[in-house]
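The values are calculated or read from the model by the stated rules, or taken from the named source; none is laboratory data. Model, not experiment: these values are computed from the prediction. Please note: Cβ atoms are built from the backbone with ideal geometry, for glycine as well, and neighbour counts cover all protein chains shown.
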Amino acid sequence: MPESGILVVDKPSGWTSHQVVGRCRRLLGTRRVGHAGTLDPMATGVLVIGVGKGTRLLGHLALTTKTYTARIRLGQATLTDDAEGEITSAPGAPGLSDTAIEAAIEPLRGDIVQVPSTVSAIKINGQRAYARARRGEDVVLAGRPVTVSRFDVRQRRDTDADGTPVIDLDVIVDCSSGTYIRALARDLGAALGTGGHLTALRRTRVGGFDLDGALTPEALTAEPPRRPEPIGLAEVARRTFACLELDADQARDVGYGRRLDRPMPADPTALLHAGELLALYRPDGNRGIPVAVLIG
């Protein structure tokens, strides 16, 4: 049985997140593998993979902050808000100044309510929004609160796309879980009175995990395959959660899933003993109650 933990993969373009999971199952020799935070096939970058008991942390890891680099094309809109969808309008973006672009970005920063892209994995009455959209149904998604703590333009290029004058913006975005970078591109284009969509997307960070030391696309597909070493659960906890060190008596109680008569500093809090991650607990008044017990 492979060691439990987290594997950080630099997802190749053209792969689905599910395909990465399938490959990791082969590399690690176990089916107990999952991922936190889906990346679209077009996107590349950090995909957090849980192995063994690490799969029980994925729901919490997916809820952390993320960083993306992206390329936004102003002057064209697409069905999917990215380059994989057909162009639905191409008014072009002649004469847009840097000042106008910055003014349109400003309302997209901070705590905002964002309507997700229609072609997304959000479920409506048990069915994915993208499945309904591709059947030609009229899909209307509700806005949801997200936080965009950084949305900065790093470079601008005025160019031509099939005879349409467009502007390509290289941007960097720090945001909360649930933020759609495609929707930021769409909404920026709309605010400027033209279309907007993504032509490239790369996730460079998920919480405490970045591309430093990530499993590269070449290592992912190497033949013969080589088994990667996951990051251990205790190290994952230290990078991600508030942590408490327990004594032996407390560790035994946690093994039985008992409440702890000790305040928890955060929801969740990681509980460790002798270098091992025992569990995640959450506050309940001045006590802690289990969210996920990983021992016993």
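Structure notes:
- Total residues in segment 45-78 satisfying the condition of being surrounded by 21 or more Cβ atoms within 10 Å (Cβ to Cβ) and either modelled with pLDDT under 95 or not aromatic (Phe, Trp, Tyr) (or both): the figure is 19.
Conditions (1) part of a loop (DSSP other than H, G, I, E, B); (2) in contact with a Lys or Arg (Cβ under 9 Å, 6 or more places away or on another chain); (3) without any contact (Cβ under 8 Å) to a residue 24 or more places away in the chain; (4) under 22 Å from residue 218 (Cα atoms), marked per residue:
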| position | (1), (2), (3), (4) |
| --- | --- |
| 18 | no, no, yes, yes |
| 56 | no, no, no, no |
| 60 | no, no, no, no |
| 67 | no, yes, no, no |
| 80 | yes, yes, no, no |
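- Summed over segment 155-209, residues that are assigned to a strand (DSSP E or B) and within 26 Å of residue 142 (Cβ to Cβ) total 10.
- Listed by first and then second residue, the pairs with beta-carbon distance under 6 Å, at least 6 apart or on different chains, first residue in segment 266-289 and assigned to a strand (DSSP E or B), second surrounded by 20 or more Cβ atoms within 10 Å (Cβ to Cβ) and β-branched (Val, Ile, Thr), are 271/254; 278/254; 279/254; 281/269.
- Residue within segment 232-246 that is part of a loop (DSSP other than H, G, I, E, B) and more than 24 Å from residue 6 (Cβ to Cβ) present: no
- Among the candidates 182, 262, 258, 238, residue that is of a type in the set (D, E, K, R) and surrounded by 18 or more Cβ atoms within 10 Å (Cβ to Cβ): 182
- Residue pairs whose Cβ atoms lie under 6 Å apart, separated by 6 or more positions or on different chains, with the first residue in segment 217-228 and assigned by TED's automatic domain parsing to the domain that holds residue 15 and under 18 Å from residue 15 (Cα atoms) and the second modelled with pLDDT of 95 or more and in a loop (DSSP other than H, G, I, E, B), are 217/12.
- Taking the numbered list (1) in contact (Cβ under 8 Å) with a residue 60 or more places away in the chain; (2) under 30 Å from residue 289 (Cβ atoms) in turn, residue 247 passes all entries but (1).
- Test: residue in segment 212-229 that is of a type outside the set (Asp, Glu), surrounded by 15 or more Cβ atoms within 10 Å (Cβ to Cβ), in a strand (DSSP E or B) and in contact with a Phe, Trp or Tyr (Cβ under 6 Å, 6 or more places away or on another chain): no
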